1. Say whether the condition of being within 16 Å of ligand 1 (Cβ to nearest atom), modelled with pLDDT of 95 or more and within 19 Å of Thr275 (Cβ to Cβ) is met by at least one residue in the stretch 119-131.
2. Do we have Tyr198 as under 30 Å from Thr390 (Cα atoms), of a type in the set (Phe, Trp, Tyr) and within 16 Å of ligand 2 (Cβ to nearest atom) here?
3. Cβ-Cβ below 7 Å, separation at least six or inter-chain, first residue in the stretch 370-392 and free of Cβ contacts under 8 Å to residues at least 60 places away in the same chain, second among the acidic types (Asp, Glu) and part of a helix (DSSP H, G or I): which pairs?
4. Going through the stretch 162-189 one residue at a time, which ones are away from ligand 1 (no atom under 13 Å from the Cβ) and either acidic (Asp, Glu) or open to solvent by less than 20 Å² (accessible area, probe 1.4 Å) (or both)?
5. Any idea which of Ile126, Ile95, Ile141 is of a type in the set (Val, Ile, Thr), more than 23 Å from Gly257 (Cα to Cα) and surrounded by fewer than 20 Cβ atoms within 10 Å (Cβ to Cβ)?
6. Could you check the stretch 431-469 and list, in sequence order, the residues that are surrounded by 12 or more Cβ atoms within 10 Å (Cβ to Cβ) and assigned to a loop (DSSP other than H, G, I, E, B)?
7. Of the residues in the stretch 88-112, how many are more than 8 Å from ligand 2 (Cβ to nearest atom) and either of a type in the set (Lys, Arg) or outside any loop (DSSP other than H, G, I, E, B) (or both)?
Amino acid sequence: MIFKPEKYSIPDKRMQNFIDPDEIWGYLNNTKPDPVRVKDVIAKSLDKNRLTLQETAVLINANTPELVEEIKQGAKTLKRKIYGKRIVLFAPLYIGNKCSNNCQYCGFRTSNKDAVRKTLTDEEIIREIEALEDNGQKRLILVYGEHPEYSAEYIAHTVNLAYSVKKGNGEIRRVNINAAPFDIQGFRTVKSAGIGTYQIFQETYHPDIYKKYHLSGKKTDFVWRLTSLDRAQEAGIDDVGIGALFGLYDWRYEVLGLIRHTNHLEACYDIGPHTISFPRLKNAANLNIDIKYMPSHEEFIRMIAILRLAVPYTGMILTAREDANVRKEVMQFGVSQIDGGTKLELGSYSENLNEEQDLNREQFHIGDSRSLNEIIEELLDNDYIPSFCTACYRLGRTGEHFMEFSVPGFIKRYCTLNAILTLSEYLMDYAPEKTKIKGWNVIEKNLQELEKSQNIAELKKRIERIKSGERDLYF
Ligand code: SAM
Ligand code: SF4
């Protein structure tokens with residue numbers, strides 16, 4: 001499938017500001033959510049087409065209960081139709097919280113003099129990763145403040161370290177990073193360490209609002225941040241994640257900002273973002289922020305459903321910022337990845353700290369502090385298949401979300417099977433008895449549903465091989 005660039009997304013605009021607030025507001029103010037048009041737009045998405053800014057604005061402006069319900073149902077259908085039942089699991093690992101920026105919403109900002117600053121030593125990183133492996137984690141996102149200590153070389157070093165730690169049957173098979181933007185050479189350096197996704201959030205796509213929240217440090221430069229993924233692409237990193245911090249500005253504007261960023265990447269590099277994140281602002285140490293723009297629960301669901309429909313090929317990440325019950329409810333409208341067993345305090349995985357969060361040691365308040373196993377149980381209870389799959393990335397099948405979406409049968413042939421294989425490993429190595437029973441029942445049920453699929457005989461053989469002690473088998 002070929003996406004046609006929208007007229008303003010031309011390659012000579014690389015490395016330049018491509019966000020025009022008037023243009024975005026123009027779509028929001030001038031697009032009518034005629035019910036027939038809403039249905040047509042949903043149908044276009046279900047037919048596996050990325051929506052334009054104007055079509056997305058149609059969905060955003062559709063706010064009657066009936067139309068909102070149609071959008072939610074459309075997103076649900078798309079999720080099940082394209083992505084199947086699996087939910088990919090990962091954990092964040094904060095490496096260092098020193099920071100030279102002054103982002104008003106963040107506990108690590110320079111102006112928060114109460115923040116306890118720390119960078120994990122190599123020994124501490126190893127201990128943290130061993131603890132994460134002991135829980136069954138296979139995929140991490142390493143997180144850093146923006147500070148001269150966290151150079152591209154240092155970040156590459158920590159990524160290499162993460163891959164090198166192996167405890168028992170444990171290993172980290174994919175290391176993503178969320179770090180401040182680099183220059184092109186810096187991106188080359190982190191690429192050479194074998195990072196998975198480079199994730200960066202624009203926070204807000206409105207330049208004036210951006211200015212208001214970013215008071216000092218390198219991050220004051222809206223365009224340097226906005227064009228970071230262009231530099232990443234120039235350095236050969238085509239696996240990138242975008243996001244906005246919801247609550248800083250009007251959610252409707254930010255959704256169109258994310259779509260504008262997506263079509264810029266598609267038009268310039270022929271590849272859209274691998275993931276979209278939509279964190280909502282949470283409490284942090286000594287915050288003083290007006291939260292009039294915080295999306296309500298109902299608006300949060302709407303924006304997830306709209307994003308799902310607008311960019312059907314992209315993975316969508318929902319983090320533990322949200323409460324367990326919110327996560328459970330909104331997941332059905334399009335989420336494909338969640339974190340589990342999340343801890344934000346530096347060093348807390350290995351120290352097994354379970355106390356109340358201390359916001360001077362952590363970036364923000366988390367809503368879902370359940371263990372990985374509790375989350376896996378809930379997924380199993382709700383007919384999802386928890387997955388730790390990293391196959392595409394390791395087989396060089398990059399752009400896998402795009403393949404899942406555009407290659408007929410891809411999910412059934414690869415993703416569901418790999419989800420089952422990685423769940424089998426988890427059940428053998430880390431699950432308590434109760435989870436084991438649930439997990440094998442879910443696998444059995446899915447094997448019956450997959451009975452006519454290609455590779456089913458081989459899948460059964462591989463499950464037996466995992467039961468006899470082999471690991472890391474995938475399609
Ligand atoms: N320092 C790097 C940067 O700013 O790009 C790494 C990212 S930061 C450690 C991860 C993300 O957390 C930020 O991009 C921001 O969107 C989000 N964040 C910061 N403060 C937050 C808060 N109070 N509530 C929710 N998310 C927050
Ligand atoms: Fe630093 Fe990132 Fe927090 Fe801003 S969001 S203060 S750059 S850690």
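The values are calculated or read from the model by the stated rules, or taken from the named source; none is laboratory data. This is a predicted model, so every value here is computed, not measured. Cβ atoms come from the backbone with ideal geometry, glycine included; neighbour counts cover every protein chain shown. Only protein heavy atoms, including side chains, enter the accessible area calculation; ligands, DNA and RNA are left aside. Shrake-Rupley method; radii C 1.70, N 1.55, O 1.52, S 1.80 Å.
1. Within the stretch 119-131 (the criterion being within 16 Å of ligand 1 (Cβ to nearest atom), modelled with pLDDT of 95 or more and within 19 Å of Thr275 (Cβ to Cβ)), the answer is no, since none of the residues qualifies.
2. Yes: the conditions hold for Tyr198.
3. Cys392/Glu400
4. Taking the stretch 162-189 first, the residues away from ligand 1 (no atom under 13 Å from the Cβ) are 162-175, 183-189.
Correct list: Ala162, Val165, Gly170, Glu171, Ile172, Arg173, Arg174, Val175, Asp183, Gly186, Phe187.
5. Values: Ile95 fails: surrounded by fewer than 20 Cβ atoms within 10 Å (Cβ to Cβ); Ile141 fails: surrounded by fewer than 20 Cβ atoms within 10 Å (Cβ to Cβ).
Among Ile126, Ile95, Ile141, only Ile126 is of a type in the set (Val, Ile, Thr), more than 23 Å from Gly257 (Cα to Cα) and surrounded by fewer than 20 Cβ atoms within 10 Å (Cβ to Cβ).
6. Ala431, Leu450, Ser453, Gln454, Asn455
7. The first filter runs over the stretch 88-112 and keeps only residues more than 8 Å from ligand 2 (Cβ to nearest atom), leaving 88-96, 98, 104, 111-112.
Next cut, either of a type in the set (Lys, Arg) or outside any loop (DSSP other than H, G, I, E, B) (or both) only: 88-96, 98.
Residues flagged as more than 8 Å from ligand 2 (Cβ to nearest atom) and either of a type in the set (Lys, Arg) or outside any loop (DSSP other than H, G, I, E, B) (or both) within the stretch 88-112 amount to 10.
Here is a yes/no grid of residues against (1) within 16 Å of ligand 2 (Cβ to nearest atom); (2) closer than 23 Å to Thr64 by Cβ:
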position	(1), (2)
Asp250	no, yes
Arg260	no, no
Leu265	no, no
Thr275	no, no
Asn283	yes, no
Asn288	yes, no
